[in-house]
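The values are calculated or read from the model by the stated rules, or taken from the named source; none is laboratory data. None of these values were measured; they are calculated from a predicted model. Backbone-built Cβ (ideal geometry, glycine too); neighbour counts: all protein chains shown.
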Amino acid sequence: MINYTERITLLMQDVVARTPRLSFIDLREILVFGRFGRSDAEGAFATCHCLTLPESEPGYFFWRDRTTGELTRRSQWFVTKSPEVRILQTKIKYLVSFALPRFCNQSLERSRKAELYPERTEPWVAKLDTIVHELYHIDPDETGLRRVTRADGSHSPRSHGPLYYETVAEMVQAYLASNPDPSLLAFLRDDFDTLGTRHREITCTTFRNFPSFPQRYQEAVDMPADPIVKIEPLKAPTQPVLYTEADLVVRHFTETGVRRLPAPGHHRAA
Ligand SMILES: [Zn+2]
């Protein structure tokens, strides 16, 4: 069995230790988790989610009469907040998610990144590039994500200037030139199929409410009453607002889906 997200975390520790530009990152405050993403579907290989964005200013949704344009209803006032994630008492500042099997099947060939690397760079280096790319989103000034903040805490593809990709490729090459322990990188050499043959089961840390994960939510706040329009109450959050280690669940990933591992002590039928 291979726990893919644990391998990524171990590799990140070494990358951060050997990369001066990323040395401010404390990996105890970063949590890596798995999401499902088919190789043949569009979508990100990985995403950096920021949990340190400040609470938004109070606001509300409103409805207008289509003909008169008059305000007819509005929601309760609310603020948008990040949920709290505490793992063994440590407050997590960023989550980094990886989409499997898509991430594992990434290759430098057929990728726009290829032009940033010398010819004959091994195809699996695209995965290391993605890992460094996500780490580089962590902002040393703790104001959110480097170069962007979108309301939901994710980053938009437009958040990267042209130098972003070049700087990432430089960091990747400098890391590889520093002679890292090959055993830390070995898992990146295999595509999903080969990994499955080699390790039988591929697992990732996920959140208990998979496929959900900690995301920004709205919380009602008290503001002066407004007697003129009808107020729609805000729906209570449907997902936790505090996550701890008890909310982490290791799941088994396949080409086609994800399932929970049998609880310890339960034997699977042969
Ligand atoms: Zn990015």
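Screening Phe24 against (1) aromatic (Phe, Trp, Tyr); (2) closer than 25 Å to Glu255 by Cα; (3) assigned to a loop (DSSP other than H, G, I, E, B) leaves a single unmet condition, (2).
What residue, of Leu95, Leu100, Leu88, is among the aliphatic types (A, V, I, L, M) and exposed (fewer than 14 other Cβ atoms within 10 Å of the Cβ)? None of the others qualify; the one that does is Leu88.
Within the stretch 105-116, can one find any residue that is in contact with a strand residue (DSSP E or B) (Cβ under 7 Å, 6 or more places away or on another chain) and not polar (S, T, N, Q)?
Within the stretch 105-116, the first condition is being in contact with a strand residue (DSSP E or B) (Cβ under 7 Å, 6 or more places away or on another chain), and the residues that meet it are none.
Within the stretch 105-116, not a single residue is in contact with a strand residue (DSSP E or B) (Cβ under 7 Å, 6 or more places away or on another chain) and not polar (S, T, N, Q).
Kindly evaluate Tyr4 against the criterion of being closer than 16 Å to Lys127 by Cβ, more than 16 Å from the ligand (Cβ to nearest atom) and of a type outside the set (Lys, Arg). Considered against the rule, which asks whether it is closer than 16 Å to Lys127 by Cβ, more than 16 Å from the ligand (Cβ to nearest atom) and of a type outside the set (Lys, Arg), Tyr4 comes out as yes. For the stretch 112-125, the tally of residues that are closer than 20 Å to Gly161 by Cα and either more than 14 Å from the ligand (Cβ to nearest atom) or over 24 Å from the mean Cα position of the chain (by Cα) (or both) stands at 4.
Of a type in the set (A, V, I, L, M, F, W, C) and either buried (at least 18 other Cβ atoms within 10 Å of the Cβ) or at pLDDT below 95 (or both), is that true of Phe24?
Taking the combined requirement at face value, the residue does not satisfy it.
Here Glu109 meets the list (1) without any contact (Cβ under 8 Å) to a residue 40 or more places away in the chain; (2) of a type in the set (Asp, Glu); (3) within 13 Å of the ligand (Cβ to nearest atom) almost entirely, failing just condition (3). Selection of first residues in the stretch 38-53 that are without any contact (Cβ under 8 Å) to a residue 40 or more places away in the chain and of second residues that are within 16 Å of the ligand (Cβ to nearest atom), restricted to Cβ pairs under 9 Å at least 6 apart or on distinct chains, gives the following pairs, ordered by first then second residue: Asp40/Arg102.
Okay, residues lined up against (1) over 27 Å from Ala177 (Cβ atoms); (2) of a type in the set (A, V, I, L, M):
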| position | (1), (2) |
| --- | --- |
| Ile8 | no, yes |
| Leu11 | no, yes |
| Arg38 | yes, no |
| Pro54 | yes, no |
| Phe61 | yes, no |
| Ser75 | yes, no |
| Ile87 | yes, yes |
| Lys91 | yes, no |
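Filtering the stretch 121-169 to residues that are surrounded by 15 or more Cβ atoms within 10 Å (Cβ to Cβ) and modelled with pLDDT under 75 leaves Gly144, Leu145, Arg146, Arg147, Val148, Thr149, Arg150, Gly153, Ser154, His155, Ser159.
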